[in-house]
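Heads up: the structure comes next, in structure tokens.
The values are calculated or read from the model by the stated rules, or taken from the named source; none is laboratory data. None of these values were measured; they are calculated from a predicted model. Neighbour counts run over all protein chains shown; Cβ positions are idealised from the backbone, glycine included. SASA here: full protein model, heavy atoms, side chains in, ligands and nucleic acids out. Shrake-Rupley method; radii C 1.70, N 1.55, O 1.52, S 1.80 Å.
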Amino acid sequence: MLYRLVAIDLDGTVLGKDGAIIAGARGAVQSLLARGVAVTLATGRMYQPSNRFAAELNISAPLICYQGALIREPGDGDVLWHKPLPLPLARTVISEIRKEGVHQYAYVDGSICVEERREDDLRYAGNNGATLHLVADLTLLPDGPPTEIAARGTPEEIDRVLARIRTCCGLEVIVNKVHSSFCEIADAGSGKGNALEFLARRLGVPQSRTVAIGDSPNDVSMLKWAGLGIVVGDASGEVRAAADWVIDNGAQDDFCEAIARLLQSGEN
């Protein structure tokens with residue numbers, strides 16, 4: 001195979017709207033592994049669910065999580081890369097979010113910290129296999145800097161939060177609007193592109209022999225960095241412009257087709 005490392009986004013790429021792995025994805029990943037290709041997940045999700053999906057897909061390479069702020073070996077293995085928000089910057093982000101009065105989360109050492117515990121928080125933590133901690137003040141986190149800060153609110157509130165963070169923090173942070181009512185803020189040194197570059201170097205894979213597959217704005221940095229960027233599904237113009245290939249057949253098997261084409265092209 002020409003390509004030696006493939007980084008795959010989870011949501012919207014190999015996971016369907018029901019949050020489950022799409023039909024055919026396991027076989028597609030296995031086809032890559034059988035040809036000696038290293039496969040990693042590159043996702044905005046926390047480590048715990050990423051680790052679970054990696055096991056289902058038989059992936060053993062280090063996992064890129066939290067939008068590229070963490071790289072960790074699967075199976076509760078070693079942390080290889082961590083780009084948390086420095087505490088002074090995290091406190092600024094938290095304070096700015098507070099001004100909009102929206103609910104926010106701090107992700108610290110695999111746990112989710114909140115100042116107000118809501119019923120949906122318990123469900124959110126449970127779905128991620130994480131412990132939910134109630135703290136009096138997120139700016140006084142006792143266990144070190146957060147990997148990420150997130151906010152949940154109405155679409156209008158989230159737009160105002162993003163505007164505030166961009167104004168006050170500028171190039172110090174990466175902001176990701178996951179969907180209309182949820183956003184994440186991470187250190188500028190993170191990002192899927194930076195994380196993929198680190199992992200490729202660690203594995204001894206040249207940039208030209210890496211592949212990134214995704215569908216969302218938070219995938220753009222890795223789509224641009226990889227030797228081959230592949231967009232699947234009904235992605236925005238910004239995301240499509242970052243890719244070398246766009247596969248959008250209006251079906252849920254776009255990912256599987258992408259792998260089939262990749263295998264064919266990589267053996268020519």
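What relative contact order, as a whole-number percentage, does the chain give when Cα pairs under 8 Å and 6 or more residues apart are counted?
Working: 546 pairs, mean separation 53.9, N = 268.
Result for the chain is 20 percent.
With θ set to phi - 60°, apply the Karplus curve 6.51 cos²θ - 1.76 cosθ + 1.60 along the range 34-49 and write out the HN-Hα couplings as whole Hz, x wherever there is a Gly or Pro.
My calculation for the range 34-49 gives 5, 9, x, 8, 6, 10, 10, 9, 10, 9, x, 6, 5, 5, 4, x Hz in order.
Sort out the exposed loop trypsin sites (Lys or Arg not before Pro) in the chain (DSSP loop, at most 16 other Cβ within 10 Å) and tell me the longest stretch that has none. Numbers along the way, then the final one.
Details: sites that count: K17, R35, K99, R117, R118.
So the longest stretch without any such site is 119-268.
I need to check one value: relative contact order of the range 154-268, counting alpha carbon pairs closer than 8 Å and at least 6 residues apart, in percent.
Numbers: 159 pairs, mean separation 17.4, N = 115.
Relative contact order for the range 154-268 comes out at 15 percent.
Read phi for every residue in the range 230-246 and hand back ³J(HN,Hα) as whole Hz from Karplus 6.51 cos²θ - 1.76 cosθ + 1.60, θ = phi - 60°, with x for Gly and Pro.
So the Karplus estimates, Gly and Pro as x, are 10, 9, 10, x, 7, 7, 6, x, 4, 6, 4, 5, 7, 9, 8, 10, 10 Hz.
Count the lysine pairs in the chain whose Cα atoms lie under 27 Å apart, taking only pairs 8 or more positions apart in sequence or on different chains.
Pairs that pass both the separation and distance tests number 11.
Just how many % of Cα pairs in the range 141-268 lie over 24 Å apart, if you round to the nearest whole percent?
On the way: 3260 of 8128 pairs.
Everything past 24 Å amounts to 40 percent.
If you wrap a convex hull around the alpha carbons of the range 55-159, what volume per residue comes out, as a whole number of Å³? Present the calculation step by step, with values, prior to reporting the outcome.
Values: hull volume 12.6 nm³, N = 105.
Taking the convex hull of the Cα positions in the range 55-159, it is 120 Å³ per residue.
³J(HN,Hα) across the range 112-120 via Karplus (A = 6.51, B = -1.76, C = 1.60, θ = phi - 60°), whole Hz, x for Gly/Pro?
10, 10, 9, 8, 9, 8, 10, 4, 5
Please work out the average accessible area per residue across the range 185-244, using the 1.4 Å probe convention, and give it in Å². Show your work: numbers first, answer last.
Numbers: 2200 Å² over 60 residues.
In whole numbers, the range 185-244 has 37 Å² accessible per residue.
Per q in 0.11, 0.16, 0.17 Å⁻¹, report the Debye log10 I(q)/I(0) for the chain, using one uniform scatterer on each alpha carbon and no solvent.
Once normalised to I(0) and log-transformed, intensities are -0.59, -1.21, -1.34.
Taking the alpha-carbon centroid of each part, what is the distance from the range 184-218 to the range 115-137 in angstrom?
So the two Cα centres are separated by 29 Å.
Using a 1.4 Å probe, what is the accessible area per residue for the range 32-143, in Å²?
Numbers: 4770 Å² over 112 residues.
Value returned for the range 32-143: 43 Å² of accessible area per residue.
For a distance above 14 Å, tell me the whole-number percent of Cα pairs in the range 10-55 that qualify. Spell out each step's value before the answer.
On the way: 537 of 1035 pairs.
Roughly 52 percent, rounded to a whole number.
Collect residues whose amide H, placed 1.01 Å from N in the peptide plane, falls under 5 Å from the amide H of V173; neighbours closer than 5 in sequence don't count.
A188
Probe radius 1.4 Å, ligands and nucleic acids ignored: give me the carbon and sulfur share of the accessible area of the chain as a rounded percent.
Values: 5300 of 11420 Å².
Answer for the chain is 46 percent, counting heavy atoms of protein chains only.
For the range 76-98 and the range 226-246, write down the distance between their C-alpha centroids in whole Å.
Taking the Cα centre of the range 226-246 as reference, the centre of the range 76-98 is 29 Å away.
Enumerate the amide H contacts of R45 below 5 Å, restricted to partners 5 or more residues apart or on another chain; note that Pro and chain-start residues carry no placed amide H.
Y66, Q67
Work out the length of the dipole vector of the chain about its Cα centre, built from +1 on the beta-carbon of each Lys and Arg and -1 on the beta-carbon of each Asp and Glu, and round it to the nearest 20 debye.
560 debye
Whats the longest run of the chain with zero GluC sites (Glu not before Pro) that are DSSP loop and have at most 13 other Cβ atoms within 10 Å?
Longest gap between qualifying sites, sites excluded: 117-266.
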